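Beneath this line is the structure, given in structure tokens, with notes to follow.
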Amino acid sequence: MAFLRNPGSSPLQNGFLSLPPGRLATLVTHLVMTASPGKPGPAPSGATLARLRGGDVERYRTLYRAVGEPWLWFSRLTMPVERLRAILDDEATEAFALAIDGRDVGLLELSFEGSPVSAELAFLGLVPEATGAGLGGWMVRTGAARVFGAGIPRFTVHTCQLDDPRAFGFYKQMGFVPERLEIEILDDPRLTGLYPRTAAPHIPLIEGG
């Protein structure tokens with residue numbers, strides 16, 4: 001994903017940025033957690049959390065699409081399969097599928113990088129019909145327990161308008177604190193054929209004449 005960054009030390013001017021047809025812009029909020037939000041507690045009824053490795057790449061892609069289509073998530077779907085397989089096999093990545101009674105309904109992915117090591121909540125999401133049941137909070141606490149249990153002092157996440165509109169408030173409620181903003185510019189994945197044109201109807205689809 002390409003970010004529009006402030007070039008050098010020149011301040012960004014106030015005003016509007018005009019986008020060509022087929023492009024989207026979204027405000028990205030980066031948040032950080034520096035203390036555990038508490039133990040996750042027992043798994044919800046009927047829930048299992050399975051680690052996904054490179055051999056599970058198609059299961060991962062199917063779940064990523066099911067969770068992300070309402071919000072136009074695209075990065076993992078445009079990535080070459082072998083590259084994604086390598087990421088899932090990398091010890092710096094921990095990806096999990098949350099299943100309820102055997103059906104995949106949620107994705108939790110942690111990324112560890114840097115020296116000293118920091119951790120990112122790279123992806124977190126549920127299929128639409130599984131939201132509102134407390135599963136998201138349980139997954140965040142499960143991820144945080146792995147991070148802080150390993151002695152890692154920073155746990156970060158970012159969210160934007162290509163997420164559930166409740167995401168920012170949810171992350172703050174879980175203990176994440178906003179620390180910086182970025183603007184992301186991207187191709188509309190509905191016009192590249194990745195998603196149907198009817199996906200994410202709350203986001204205007206504008207194409208050239």
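Side notes on the structure shown:
- Looking only at region 36-63, and only at residues there that are modelled with pLDDT of 95 or more and among the hydrophobic types (A, V, I, L, M, F, W, C), the one that is nearest to G143 (Cα to Cα): L49
- Against the numbered list (1) within 23 Å of P42 (Cα to Cα); (2) touching a strand residue (DSSP E or B) at 6+ places or on another chain (Cβ under 8 Å); (3) in a loop (DSSP other than H, G, I, E, B), G151 comes up short only at (2).
- Any hit, region 148-157, residues being within 13 Å of the chain's Cα centre (by Cα) and under 20 Å from L31 (Cβ atoms): yes
- Residue list for region 108-129, filter: surrounded by 14 or more Cβ atoms within 10 Å (Cβ to Cβ) and assigned to a loop (DSSP other than H, G, I, E, B): V117, V127
- Unique match (being modelled with pLDDT of 95 or more, buried (at least 18 other Cβ atoms within 10 Å of the Cβ) and out of contact with any strand residue (DSSP E or B) (no Cβ under 8 Å at 6 or more places or on another chain)) among A200, A145: A200
- Residue-level check: of (1) surrounded by 15 or more Cβ atoms within 10 Å (Cβ to Cβ); (2) under 23 Å from G151 (Cα atoms); (3) modelled with pLDDT of 95 or more; (4) not polar (S, T, N, Q), V105 misses just (2).
- Meets criteria (over 19 Å from Y64 (Cβ atoms), surrounded by fewer than 17 Cβ atoms within 10 Å (Cβ to Cβ), touching a His at 6+ places or on another chain (Cβ under 6 Å) and of a type in the set (K, R)) for R154: no
The values are calculated or read from the model by the stated rules, or taken from the named source; none is laboratory data. The shown structure was predicted, so the numbers you read here are calculated from the model rather than taken from an experiment. We place every Cβ from the backbone using ideal geometry, glycine too, and count neighbours over all the protein chains shown.
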